[in-house]
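The values are calculated or read from the model by the stated rules, or taken from the named source; none is laboratory data. Please read these numbers as outputs of a predicted model, since none were measured by experiment. Methodologically, a virtual Cβ is constructed for each residue, glycine included, from the backbone with ideal geometry; neighbour enumeration extends over all protein chains shown. Side chains included, ligands, DNA and RNA excluded: accessible areas come from the protein's heavy atoms. Shrake-Rupley method; radii C 1.70, N 1.55, O 1.52, S 1.80 Å.
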Amino acid sequence: MVVLAASIISKSGKALVSRQFVDMSRIRIEGYLAAFPKLVGTGKQHTYVETENVRYVYQPIETLYLVLVTNKQSNILEDLDTLRLLSKLVPDYSYSLDEEGICKTAFELIFAFDEVISLGHKENVTVTQVKQYCEMESHEEKLHKLVQQSKINDTNELMKRKANEIDKIKIEKNRGGYSASQSFGSARIDSGFGNEMGNSNSNAFGSGSSFGLNNDIDSFSTKPKGITSASAKAPPKGLGMKLGKSQKTNQFLESLKAEGEVIVEDVRPIVGQSKASAPPPTDPVTLTVEEKLNVTLKRDGGLGNFDVLGTLSLQVLNPDDGFIQVQIESGGNPAVLFKTHPNINKEMFSKENILGLKDPNRPFPHNQAGDGVGLLRWRMQSSDESIVPLTINCWPSVSGNETYVNIEYEASSMFDLQNVVISVPLPALRDPPNVSQIDGDWRYDSRNSALEWSIDLIDNSNRSGSLEFVVPPADSSVFFPISVRFTSSRTFSDMKVVNILPLKSGSPPKNSQRTLLSTENYQVV
């Protein structure tokens, strides 16, 4: 048995990852892989294809192929065993089984392939052993990292102590004149009254003055820097420089904010004040329909990619409310392909559109994190440009020493879009662009050198709009790719929950439904 190469390719024959185990030229292996899709027939259950020179042993992985290219004298049973082992390793090392995920983890996959196949022959290893070999854990390395981290922590602690000492010295210096005057005044009053009122009264007054002064110093030193309370007294004259420094710092932070930098201010929370969090679901049962949209539009017209990924999630608060079944209804779009959770009764779903567990005596899990447990997933792909919710046209043109950029959007009547943001890349500018006409609002992000065009709502009143701005002369490719973000309360699948069916006697629990369509990657390239 000799494996010439192990490869992951697309349906069109594009090589994403390929590891050769014998001496082969790049042109030769690319020729083998490019010819493979033409040899694979549709609707056949075979896992190998033979030509005059080589044998292809393959397995589909979603939209890709895992292919072993072997010579014709190899043992096909051992080839299939090798293929099964590789097919288990690929999902473990690649976070997503698409072109992007495979390319990002290409080196990890090659290292795993090398542990399975050596010089064209399969090694006697398991998935667990391959993972262990690839991790290459070292006790000495862990010990070295622990020592390094310990040194870093000690240095940070020393730095904090030094900073606190410096702050205390500054406070004492700023309070020096004020404390001396108070002590001098107390001594004079103490000695003046001591001669007439006796030692007891003098000591009592003196201790009272000292108590009041210490209180003032303690209350000042315990106040956080940069925070003033309404009940605090006016600061002494010696603190004028500190207030000026704080003002300069605020001006510097404001200038950073104006440039688009996100500033996290160091403000201590007030006692009793808690951070606002998203309200938890109040209804016993909450169903969430969510679709994420991945679209690539071509700048000259046409659709490069259109992919919709949808999920139906169930959140149950109480264990007793988990004995239910969910009846759904979709728009009947044949392009939408559904896939149920492994614990869902597939036969009941295909016949009655009811989502229920295979074991009716078990309840759905309750108090799950996020939107809850996923019941149903679906995917929709299309090459029809007419179903795209929002199309963008960009027309840059250079005239003299200026570039005029005209951008227009056209929205489909099927969707009302909320929180629309169209981000247009710009060349490096000293000043913001000159916007001469816009339907909506705009903001210049100087950090990322981009103009963000925002429209709160696109409905029947504004299905189209335009933006025109002027920048210094630049190449037209600078203004791409244009990124788009929006949300909608309508989905492509028209998925709806029509009924909640209780498995126990009684009425169904109170429920609510949330529907959201959002963009995950929406660009014009």
Among residues of region 3-19 being open to solvent by less than 50 Å² (accessible area, probe 1.4 Å) and not small (Gly, Ala, Ser), the residue nearest to Ser74 (Cα to Cα) is Val3
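Kindly indicate whether any position in region 11-30 is among the basic types (Lys, Arg), in contact with a helix residue (DSSP H, G or I) (Cβ under 6 Å, 6 or more places away or on another chain) and outside any loop (DSSP other than H, G, I, E, B). Break it down stepwise before answering.
To start, the set of residues in region 11-30 that are among the basic types (Lys, Arg) comprises 11, 14, 19, 26, 28.
Then keep just the ones that are in contact with a helix residue (DSSP H, G or I) (Cβ under 6 Å, 6 or more places away or on another chain); that gives 19.
Right, trim to outside any loop (DSSP other than H, G, I, E, B) and you get 19.
Yes, there is a match, as at least one residue in region 11-30 is among the basic types (Lys, Arg), in contact with a helix residue (DSSP H, G or I) (Cβ under 6 Å, 6 or more places away or on another chain) and outside any loop (DSSP other than H, G, I, E, B).
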For region 424-437, pairs from a residue that is closer than 17 Å to Asn393 by Cβ to a residue that is open to solvent by less than 70 Å² (accessible area, probe 1.4 Å) and not in a strand (DSSP E or B), with Cβ under 9 Å and 6 or more apart or across chains, are Val424/Phe479; Val424/Phe480; Pro425/Ser449; Pro425/Val478; Pro425/Phe479; Pro425/Phe480; Pro425/Pro481
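Listed residues Leu68, Leu77, Leu89; which is assigned to a helix (DSSP H, G or I) and open to solvent by less than 30 Å² (accessible area, probe 1.4 Å)? Write out each step before concluding.
On the way: Leu68 fails: assigned to a helix (DSSP H, G or I); Leu77 fails: open to solvent by less than 30 Å² (accessible area, probe 1.4 Å).
The conditions single out Leu89.
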Are any residues in region 125-141 part of a loop (DSSP other than H, G, I, E, B), open to solvent by 100 Å² or more (accessible area, probe 1.4 Å) and not hydrophobic (A, V, I, L, M, F, W, C), and if so, which ones? Glu137
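Consider region 440-495. How many of its residues are in a strand (DSSP E or B), in contact with a Leu (Cβ under 9 Å, 6 or more places away or on another chain) and not small (Gly, Ala, Ser)? Full working, then the answer.
If we filter region 440-495 for residues that are in a strand (DSSP E or B), which is where we start, we get 441-445, 450-458, 464-471, 482-488.
Among the residues that remain, those that are also in contact with a Leu (Cβ under 9 Å, 6 or more places away or on another chain) are: 442-445, 450-451, 453, 455, 457-458, 467, 469, 471, 482, 484, 486-488.
Imposing the further condition that a residue be not small (Gly, Ala, Ser) reduces the set to 442-445, 451, 453, 455, 457-458, 467, 469, 471, 482, 484, 486-487.
Looking only at that region, the number is 16.
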For Asn174, the lone unmet condition from (1) surrounded by 10 or more Cβ atoms within 10 Å (Cβ to Cβ); (2) more than 30 Å from Lys88 (Cα to Cα); (3) out of contact with any Leu (no Cβ under 8 Å at 6 or more places or on another chain); (4) not aromatic (Phe, Trp, Tyr) is (3)
Single residue of region 496-525 satisfying the filter (in a loop (DSSP other than H, G, I, E, B) and over 25 Å from the mean Cα position of the chain (by Cα)) that is nearest to Ile392 (Cα to Cα): Lys510
Restricting to region 368-420, give me the number of residues that are among the aliphatic types (A, V, I, L, M) and surrounded by fewer than 16 Cβ atoms within 10 Å (Cβ to Cβ). 3
Enumeration of residues in region 92-101 that are assigned to a helix (DSSP H, G or I) and in contact with a strand residue (DSSP E or B) (Cβ under 7 Å, 6 or more places away or on another chain): Glu99
Which numbered condition Pro37 fails, given (1) over 38 Å from the mean Cα position of the chain (by Cα); (2) part of a helix (DSSP H, G or I): (1)
From the residues in region 471-495 that are open to solvent by 50 Å² or more (accessible area, probe 1.4 Å) and within 24 Å of Gln381 (Cβ to Cβ), which one is farthest from the chain's Cα centre (by Cα)? Asp494
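Confirm whether Thr105 is among the polar types (S, T, N, Q), farther than 12 Å from Ala6 by Cα, without any contact (Cβ under 8 Å) to a residue 40 or more places away in the chain and open to solvent by less than 80 Å² (accessible area, probe 1.4 Å).
Values: among the polar types (S, T, N, Q): yes; farther than 12 Å from Ala6 by Cα: yes; without any contact (Cβ under 8 Å) to a residue 40 or more places away in the chain: yes; open to solvent by less than 80 Å² (accessible area, probe 1.4 Å): yes.
So Thr105 passes the test.
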From the list Ser150, Ser118, Ser87, Ser94, pick out the single residue that is in contact with a Ser or Thr (Cβ under 6 Å, 6 or more places away or on another chain) and at negative phi. Ser94
Qualifying position, being free of Cβ contacts under 8 Å to residues at least 40 places away in the same chain, more than 30 Å from Trp378 (Cα to Cα) and either open to solvent by 60 Å² or more (accessible area, probe 1.4 Å) or of a type outside the set (Lys, Arg) (or both), among Glu452, Glu468: Glu452
Asp445 versus (1) charged (D, E, K, R); (2) open to solvent by less than 80 Å² (accessible area, probe 1.4 Å); (3) within 30 Å of Phe492 (Cα to Cα): which is the lone unmet condition? (3)
Filter region 331-362 down to residues that are over 16 Å from Gly374 (Cβ atoms) and among the small types (Gly, Ala, Ser) and give me whichever is surrounded by the fewest Cβ atoms within 10 Å (Cβ to Cβ). Gly332
With criteria (1) touching a Pro at 6+ places or on another chain (Cβ under 6 Å); (2) more than 30 Å from Val470 (Cα to Cα), Val398 comes up short on (2)
